[in-house]
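The values are calculated or read from the model by the stated rules, or taken from the named source; none is laboratory data. All values reported here derive from a predicted model rather than from experimental measurement. No Cβ is skipped: glycine too gets one built from the backbone with ideal geometry, and neighbour counts run over all protein chains shown. All accessible areas refer to the heavy atoms of the entire protein, side chains included, with ligands and DNA or RNA removed. Shrake-Rupley method; radii C 1.70, N 1.55, O 1.52, S 1.80 Å.
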Amino acid sequence: MSEVTLELDRPVPAWALRASLALLSAATLAVAFAGTGPRPPAVLDVGFVALVGAAVLVPGLGLAALVVLVAGTRLLVGDPPALAVVMVLVLLVHLTLWAGAVCARTSWRTRVEVAVLVRGLREVAVVQVGAQLLAVVAMLLVGVSESDLWRAAALVAALTLAAVMLPRPNA
């Protein structure tokens, strides 16, 4: 079996990518649970730490999406958060999913060129414009009527936008 070696200008090691996934996942959960409402029991906190750890250790399982699902569920059962919190959470969710996808394509020995990451982040930024507008519209709808139907519709719209806009790995 032969091995190919490439010379990279500015490589980012896989441990740094996985550390960013851990930070983004933890920040997503922290922002989602920082608002008003019941605090999770200590057992769930331990579960969240285990979830973030598993997402980092085995990113190919797609556990970053489970982190996002937990954060979204928290928003559905809690009081509507402030617009700024929603906008930060939308950004964190998107970055967490993107980092999870990048980490899923790498092994522990992988080094990724900075230019590749910057190009991916540019794509994230383009999608963020639409996602942030959708978040503002959703929050306006929640302000008009605080029924769970509007929040569910906003969540479905956000998930649909994410499913359509997120890049898919080439097979």
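For this structure, a couple of remarks:
- For segment 33-127: rounded, prolate or oblate by the Cα gyration tensor [a/c cutoff 1.5]: oblate
- Peptides 87-96, 103-112, ordered by how many other C-beta atoms sit within 10 Å of their residues on average, highest first, read 87-96, 103-112.
- Accessible surface for segment 42-121, divided over its residues, is 53 Å² per residue with a 1.4 Å probe.
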